[in-house]
Each structure stands twice: as structure tokens, then as C-alpha cells.
Amino acid sequence: MKILLVFATNSGGTQLASQIVAETLTKNNHQVTVKEVREVSPADFAAADLIILASPSWDYESLEGQPHPDYRPFMEGIKDQKFAGKKFAVIGLGDSSYTYFCGAVNVLEDFIKKIDGTLVTDSIKIDGFYLDQSTNSQKLDMWAQNLAEKIS
Ligand SMILES: Cc1cc2nc3c(=O)[nH]c(=O)nc-3n(C[C@H](O)[C@H](O)[C@H](O)COP(=O)(O)O)c2cc1C
């Protein structure tokens, strides 16, 4: 399956998480392209059978628990289109000391519903990626393995 893994990051955690997931999916014979959200074109989006959106949670214009600000132009650009039948999954990095732990995941899930996309698996929420990178990497690998089984 052609998979587009879209990410944004501030301190690199979401990029590392995306690479782990991409590696596992590639090992499962999927064709994965990893791209920063600000580089994603409508053609990339159209070409993918499954789109994975990965984001840390962040403040945006005094709202807490939002996707990385780079997601805003991307979401604005496609919000009026419909992607019925397009498969989606969501990866969130956050910190449970914040009021809206991985709030970006909920925002992205709502957005996927709005554009008629289909979530193919439960989203993953990673707490404090760098605090225990080894355990968190294993969680991401298992999530990706499970996703690979669901879409096979
Ligand atoms: C200004 C700021 C706001 C944040 N807001 C939230 C939040 O609302 N919810 C949450 O779960 N984590 C929040 N975090 C934690 C980050 O999402 C977390 O550190 C994440 O792992 C960063 O990912 P990155 O390495 O890809 O940038 C915030 C961090 C900062 C610095």
C-alpha cells in the first residue's frame, strides 16, 4: 500500500517517531513516504492509499492542545474537500502534565471526520517521548505492526 506519513515537529521527537513507524511499515512491504507537513502537496495526498498524520501538541493562538502550527495552512487548504474512502491514522506526541494531553490527536481526528476520511486504527498518544525513548519506540513499533496487520 502507498502510505504518506505527514509530520511536524519542534524538538525532533515526532520526526523520530515517524521514522520508527515508517521503518516498521516498510518492513511489512508497504511503500512509505515521510514528509514534513509544510512540504505536502495535493498530489502527494491524492497518490496515497493511507495517510498518517503525526503531530506534537502545542499552543496555537492561546488555544492549548493544538496540532503543530504548520498543520494550520495544510488543514485550511483541504478543509472543503472530501476524501471519502481515504484511509487515515494519527500519531500524537505530548506531555501528560498539560491539561489537554495529546489534544492534537482529537483535533486531527475531528478534521479527518470532517473531510470524510476513515480512521483505520486507534490513534497512538506518546507521553514524554524523550523521557523513555526506548519504551516509546517499542510502543510505536507495536502500533505500526498492528496497523500493518489491519491494512494487509
Ligand atoms: C509551549 C508548549 C506547549 C505544549 N502543549 C502541550 C499540550 O497542550 N498537550 C500536550 O500533551 N503536550 C504539550 N506540549 C508537549 C509537547 O507536545 C511534547 O513535548 C512533544 O513531545 C514535542 O514533540 P516534538 O519533539 O516533535 O516537538 C507542549 C510543549 C510546549 C513547549
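Summed over segment 115-136, the residues that are surrounded by 14 or more Cβ atoms within 10 Å (Cβ to Cβ), away from the ligand (no atom under 13 Å from the Cβ) and in a helix (DSSP H, G or I) give a count of 0. For the residues Asp70, Asp44, the requirement of being open to solvent by less than 50 Å² (accessible area, probe 1.4 Å) and at pLDDT below 95 singles out Asp44.
For Ala8, the requirement of being farther than 19 Å from Glu149 by Cα, small (Gly, Ala, Ser), in contact (Cβ under 8 Å) with a residue 12 or more places away in the chain and exposed (fewer than 14 other Cβ atoms within 10 Å of the Cβ) is not met.
In segment 77-106, the qualifying residues are those that are loosely packed, with under 14 Cβ neighbours inside 10 Å and within 14 Å of the ligand (Cβ to nearest atom), and the one that is nearest to Asn146 (Cα to Cα) is Ser96. Applying the criterion of at least 1 residues that are of a type outside the set (Val, Ile, Thr) and in contact with a helix residue (DSSP H, G or I) (Cβ under 6 Å, 6 or more places away or on another chain) to the strands (runs of 3 or more DSSP E) found wholly in segment 1-95 leaves 2-7, 50-60, 63-67, 87-94. Residues satisfying the criterion are absent from segment 60-72 (criterion: among the small types (Gly, Ala, Ser) and either closer than 29 Å to Glu149 by Cβ or more than 16 Å from the ligand (Cβ to nearest atom) (or both)).
The values are calculated or read from the model by the stated rules, or taken from the named source; none is laboratory data. In this text, all values refer to a predicted model and were calculated from it rather than measured experimentally. Here the Cβ is made from the backbone with ideal geometry for all residues, glycine too, and neighbour counts use every protein chain on show. Keep in mind that these areas ignore ligands, DNA and RNA; they rest on the heavy atoms of the full protein, side chains included. Shrake-Rupley method; radii C 1.70, N 1.55, O 1.52, S 1.80 Å.
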